[in-house]
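Trainee: Input: one structure, supplied below.
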Amino acid sequence: MEPAGTGTGKGAEGTQLAGMGTDTMEPAELGTGTEGTELTGTEGIEPAGMGTEGIEQAGMGTEAMEPAGLEPARLGTAGTETEGTEPAGMGTEGIEPARLEPVRLGIAEMESAGLEPAEMEPAREAEEPPGSPALPAEVPQGGPPGREREQERGRRGAGAQGSAGRAARGRARRAPGRRSGGESARRSGVTVDSSKAKTSLEALKISLRQLRWKEFPFGRRLPCDIYWHGVSFHDSNIFSGQVNKFPGMTETVRKITLSRAMRTMRDLFPLEYNFYPRSWILPEELPLFVAEVRTMKDSNPSWKPTFIVKPDGGCQGDGIYLIKDPSDIRLTGSIQSRPAVVQEYICKPLLVDKLKFDIRLYVLLKSLEPLEIYIAKDGLSRFCTEPYQEPTLKNLHQVFMHLTNYSLNIHSGNFIHSASANTGSKRTFSSILCRLSSRGADVKKLWSDIISLVIKTIIALTPELKVYYQSDIPAGKPGPTCFQILGFDILLMKDLKPVLLEVNANPSMRIEHEQELSPGVFENVPSPVDEKVKVAVIRDTLRLMDPQKKKRKDTQCQSPERAPGAIEEPLDAVPGPEAALPSLCLKQVFPKYARHFSYLRLVDRVAALFIRFLGVKGTTKLGPTGFRTFIRNCKLSNSNFSMAAVDILYIDITRRWNSMGIDHKESGTPGMCLQAFVEAFFCLAQKKYKALPLHKQVLSLIELCECRLAAVHGKRLVWGCGLAQPRGALRASGSAPGPARPHGHQVLRLQKPAQLRALMCRDRTGS
Ligand code: ADP
């Protein structure tokens, strides 16, 4: 997790690592692969391409997810880089290179693979001053020429902690020969308020210059099309346009909330949700944690796990420590005041150059309803700075070996800043893929697994987000539409299985890092790797959210007088500056692969029921009356389940959830939060459909509720239309679920009397 709007932040001192265990085996559930896939020596290995076929979704249809611009990895070339040098005594189990022959892609092949030559040509980057955006020749570069950048950097360096934002503003003012904002606006007209952009400002400015959109760095009295917030939805009050944050996202992706959401999904779909380490919430689940570990150890005495304790709301490795036994949890003070998640530690990660690393992938949540997800084709790999060893009592506290946080490792003497994307302590993910590919690893499968992990994770998060959304932007009230770039932190296991570590609501978009020139004197130095990845993500997010493109689309769709047979302009073919930009680095994965994942959206449908009965706009908690109305309208009470029992269920579950001290928008207010409602719903489903597996129980109850609510709704409609039916005809007698609607997740809305009658008929017969 990243701190909101901060820079490199805390040093290693902030991290306590301690432990008392003795052994190093892996939890059975997270068993790693058998084949060693550790990447070791780089000598003699030629740069490798990825082939031209793109990355196809295994089992996801035939369309390809194209790999990022995979740069030919020059391995072990930079004399100053140490990661090419193997520490003695390690690296015996490298992947046997299946094809070590260099695979060099020609321009035509790159294009056929959907790779941008601009992204793949290191030479082009080398020609430009470090840190300048890799612009296509046609687009006038907004930034100052190289020399001015250098001078400016010097000026900023003297200012020690001079903020990237100030520097960027200064640069924007001083840059000669650039179009004024007004001229740009005449070309595009899209207006962006960047006054709250914080540390993403520099990357945002470069993106806006490339797009020739108009920036308002100090805000604007008139509404803007897009508001770019550095921290949260609530950074300023907005009533129109688009904002780059969803309300409630920060709360939804906190370690504890994420763990709960993943557990709910794992309870429903254990196989689909095995990519998140088994986790327990402290302090409330400490007894459960102790009991489960004891049971697992009893059943498998050779299991010698390691666990990682992470404070909720922590970031940059702050407060994290490793333990070998539940009794090592530090209960004194901090756990009570600062809840935490304790998680199985992945002991056998994939190593590159003997080092542990993780992947930061950027994911755009373009829309919540309908769900639209995009994944950036390239991301970052952040490396540890000490060779990895499986956790032992002796090394358990070594942060530079076990934690991949950039903010920690930058304080290590071994940290390597590199201008190259495939060397140093921070590299592009594509350079890792390239390297894996050159050793015969199935990177197509890896991408497919990553896409699946991302979609499933977002599916787990959307129910809570929808509750926040309707609370902050109630239907019918003026408000902005939202989108958000999320940072997914992923660890690869030895067998290349991706494991989700966490989701960041505010991934760092800094494209500079601080360098200490002399004690206490810092300079902001551009980071080409960050710039390459992050500017593309921001720029292409903006392109996807372009309000004018949307207007053009709407006009095209509505235009009635298009001559038959006339050649239509493709909706995505945009004239102007965009035509000169590289192809989008963001690839849509949802709804593209929706049919493979929609069956997982059960909690989403439960959340739709919850929201329907919330009643008072602006709230996120369901009162007892709302819960009773839900039970009544769905006809869930009967002689075995009286309304008194309904009240008891409500009180029991609500009281427990409210006592957990969850950091929730309305923590202090009484009422049932979504997660408590989900628990109650599961209880009801289990009661009603005893013999089925949990997900079928829940699905059956959802369909029953949706069906009965549709009937109630329809009854109102019919009465409204003067098509009143005899009362008896509306009474549902059976409790069996309606037919399965695997892709639907919204409450049925019936408009036609015929549809309505058919449904009532079905409901009556319980078919
Ligand atoms: P923070 O928000 O403080 O960065 P993270 O959950 O990202 O917390 O954990 C910090 C680092 O600890 C990760 O970058 C990763 O290197 C390591 N880590 C976290 N969870 C695990 C795990 N379950 N197994 C192995 N390493 C982990």
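The values are calculated or read from the model by the stated rules, or taken from the named source; none is laboratory data. The model shown is predicted, which means the values in this text are computed figures rather than measured ones. Using ideal geometry, Cβ is built from the backbone for each residue, glycine included, and neighbour counts are taken over all protein chains shown. Surface accessibility is based on the protein's heavy atoms, side chains included, excluding ligands, DNA and RNA. Shrake-Rupley method; radii C 1.70, N 1.55, O 1.52, S 1.80 Å.
Trainee: Quick one: go through region 400-426 and flag any residue whose amide nitrogen is under 16 Å from the point 7 Å out along the Cα-to-Cβ line of GLU516.
Mentor: 407-417
Trainee: Spelling out what I want: for every residue of region 190-207, take phi, set θ = phi - 60°, compute 6.51 cos²θ - 1.76 cosθ + 1.60 (Karplus), and round to whole Hz; glycine and proline get x.
Mentor: With coefficients 6.51, -1.76 and 1.60, one gets 7, 10, 10, 8, 9, 5, 10, 6, 6, 6, 8, 4, 4, 5, 5, 4, 4, 4 Hz.
Trainee: Quick one: if you stick a label point 7 Å off each Cα along the C-beta vector at LYS617 and ARG330, how many nm between them?
Mentor: 4.8 nm
Trainee: Give the ranking of MET249, MET296 by solvent-accessible surface, highest area first, calculated with a 1.4 Å probe. Numbers along the way, then the final one.
Mentor: Details: MET249 0, MET296 30 Å².
Ranked list, largest accessible area first: MET296, MET249.
Trainee: Using a 7 Å offset from the Cα along the Cα-to-Cβ direction at both ALA580 and ASP647, what is the distance between the two label points in nm, to one decimal?
Mentor: Between ALA580 and ASP647, the simple spin-label model gives 7.2 nm.
Trainee: Next up: Tell me the Kirkwood radius of region 310-402: reciprocal of the mean inverse pair distance over distinct alpha-carbon atoms, in Å.
Mentor: Working: mean 1/r = 0.0627 Å⁻¹.
Computed over region 310-402, the radius equals 16.0 Å.
Trainee: Region 196-353: Rg/Rh from Cα coordinates, Kirkwood Rh? Walk me through the intermediate numbers first.
Mentor: On the way: Rg = 21.5 Å, Rh = 19.2 Å.
Answer for region 196-353: 1.12.
Trainee: Any chance you could list P(r) for region 465-537, counting all Cα-Cα pairs in 5 angstrom bins from zero, rounded to whole %?
Mentor: 3, 11, 12, 13, 14, 14, 13, 9, 6, 3, 1, 0
Trainee: Working out 0.36 nm times the residue gap between GLN588 and LYS394, then minus their Cα-Cα distance, what length gain in nm do you get to one decimal? Show your work: numbers first, answer last.
Mentor: Working: separation 194, 0.36 × 194 = 69.84 nm, distance 4.53 nm.
So the extension gain works out to 65.3 nm.
Trainee: Size of region 420-520 along its principal axes in angstrom, Cα-based, largest extent first?
Mentor: That gives 54, 46, 18 Å along the principal axes, largest extent first.
Trainee: Between SER367 and ASP442, what's the calculated FRET efficiency when r is the beta-carbon distance and R0 is 25 Å? Round to 0.05.
Mentor: E(calc), rounded to 0.05, equals 0.20.
Trainee: If ligands, DNA and RNA are left out, what is the accessible area of HIS397 with a 1.4 Å probe, given in Å² to the nearest 10?
Mentor: 90 Å²
Trainee: Anything over 26 Å Cα to Cα? Flag those among LYS394/LYS444; LYS198/LYS617; LYS617/LYS696; LYS354/LYS444, in the order listed. Write down the numbers at each step before the final one.
Mentor: Working: LYS394/LYS444 38 Å; LYS198/LYS617 32 Å; LYS617/LYS696 32 Å; LYS354/LYS444 24 Å.
Pairs exceeding 26 Å: LYS394/LYS444; LYS198/LYS617; LYS617/LYS696.
Trainee: Can you report the principal axis dimensions of region 353-510 using only the alpha carbons, biggest first, rounded to whole angstrom?
Mentor: Reported extents, whole Å, longest axis first: 57, 34, 34.
Trainee: Same structure, new question: Mind checking which lysines have their C-alpha under 25 Å from LYS205, skipping anything on the same chain fewer than 8 residues away?
Mentor: In chain and number order, the partners are LYS196, LYS214, LYS245, LYS366, LYS377, LYS426, LYS532, LYS534, LYS549, LYS550, LYS551, LYS587.
Trainee: Based on the mean of other beta carbon atoms within 10 Å per residue, what is the order of 450-456, 238-244, most packed first? Intermediate results must be reported in sequence, preceding the final value.
Mentor: Values: 450-456: 22.7, 238-244: 19.0.
Top to bottom by mean Cβ count within 10 Å: 450-456, 238-244.
Trainee: Please list, or write none, the lysines whose alpha carbon is within less than 23 Å of the alpha carbon of LYS690, excluding same-chain residues fewer than 8 places away.
Mentor: Candidates past the 8-residue exclusion: LYS635.
Trainee: Let me ask something else about it. Hey, what's the Cα Rg ratio for region 497-556 versus the globular rule of thumb, 2.2 N^0.38 Å? Working shown, then result.
Mentor: Details: Rg = 18.1 Å, N = 60, 2.2 N^0.38 = 10.4 Å.
Its radius of gyration relative to the 2.2 N^0.38 Å reference: 1.74.
Trainee: Accessible area per residue, 1.4 Å probe, Å², for region 607-700: what's the number?
Mentor: Working: 4430 Å² over 94 residues.
Value for region 607-700: 47 Å² per residue.
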